[in-house]
Amino acid sequence: MAEFSFKVIIIGPPAVGKTSLLNRFVHNEFKMKYSLTIGVDFLTKSVEYEPLKIAKLQIWDIGAQERFKFLHRSFYEGAFGALVVFDLSRQQTFSGMKTWISEMSSILTDDIPKILIGNKADLIPEIGQIIDKNEIEEYSEKNDCFYIETSAKTGENVEYAFLELANRMVKKMVKLLDNSKENL
Ligand code: G3D
Ligand code: MG
C-alpha cells in the first residue's frame, strides 16, 4: 500500500507539452497528436521515492479547461505539488508561465513544492538557447522552484522531474506530520 497519496497539478500556457509530459511519465509514450481534452481529469501513478517506499501521485492535467479562468480554482484546490511548464522554444511561454504561478499562489494559501520545467529541450541543439538561462534560474530561485529541463519527446529528465517533486512532497508531509505530533 502506498504510504502517501498526493494531488499533483500540471500548469502552464497552452502547447508547452503538459499533456505530453504526463503521458510520457504515466504511459512512457509520446504521441504527436493529443486532442485538446484528454477525457479524464487525472491519471495516477505510484513512484518509489526511496527503496520500498511508495507514494501515489494523482496527476491533474487542466486540458481544455485552461481557457476558462473560473474553473481554475477547483483545479488548484487540494494540490500538494505542482509542475509548472514553459516551452524552451517560445520566449512568450516563459512570461505566460509566471501568470500561472501568481494565480496559484493567490488561490493556495500554503506554499507547495514546485518543479519549474523548461520542456522541449530536444529542440535546443537546433534552435539554440532562446530564453536566457540566468533569468530562468533567478526566477526559479526567487519563487522557490526547482528547475529542470525536459523533453517529453525523448523522455529526457521526465521521470526525474516527477521523482524530485515526489521527494519534496514527502519531505514536506513528514515535516507537517512531525509538527502536528508535537502539538498534540
Ligand atoms: P499542452 O498539453 O501543454 O497544451 P501538448 O501541450 O502536450 O498538447 O503538446 C503541444 C505540442 O508540443 C504537440 O505538438 C506536442 O507533440 C509538442 N511537444 C510536447 N512536448 C514536446 C517535446 O518535448 N519536444 C518537442 N519537440 N515537441 C513537444 P503538435 O504538433 O501535436 O501540436
Ligand atoms: Mg494538454
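The values are calculated or read from the model by the stated rules, or taken from the named source; none is laboratory data. Since we're looking at a predicted model, the values are computed, not measured. Cβ atoms come from the backbone with ideal geometry, glycine included; neighbour counts cover every protein chain shown. With ligands, DNA and RNA removed, areas are computed over all heavy atoms of the protein, side chains included. Shrake-Rupley method; radii C 1.70, N 1.55, O 1.52, S 1.80 Å.
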- Query: Looking at Phe146, is it closer than 25 Å to Glu29 by Cα and aromatic (Phe, Trp, Tyr)?
  - Reply: yes
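Results for (1) modelled with pLDDT under 95; (2) of a type outside the set (Lys, Arg); (3) under 15 Å from Lys120 (Cα atoms), shown as yes or no for each residue.
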residue	(1), (2), (3)
Leu36	yes, yes, no
Glu50	yes, yes, no
Leu57	no, yes, no
Asp87	no, yes, yes
- Tabulated pairs, segment 81-98, first of a type in the set (Lys, Arg), second buried (at least 16 other Cβ atoms within 10 Å of the Cβ) and in a helix (DSSP H, G or I), C-beta under 9 angstrom, 6+ apart or interchain: Arg90/Gly96; Lys98/Tyr139
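Taking segment 60-75 on its own, how many of its residues are in contact with a helix residue (DSSP H, G or I) (Cβ under 6 Å, 6 or more places away or on another chain) and either away from ligand 1 (no atom under 12 Å from the Cβ) or open to solvent by less than 60 Å² (accessible area, probe 1.4 Å) (or both)?
4
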- Quick one: Gly78 ticks every box in (1) open to solvent by 50 Å² or more (accessible area, probe 1.4 Å); (2) under 12 Å from the mean Cα position of the chain (by Cα); (3) more than 16 Å from ligand 1 (Cβ to nearest atom) except a single one, so which number is it? (2)
- Item | Failed item, numbered, when Gly155 is tested on (1) in contact with a strand residue (DSSP E or B) (Cβ under 7 Å, 6 or more places away or on another chain); (2) small (Gly, Ala, Ser); (3) in contact (Cβ under 8 Å) with a residue 60 or more places away in the chain | (1)
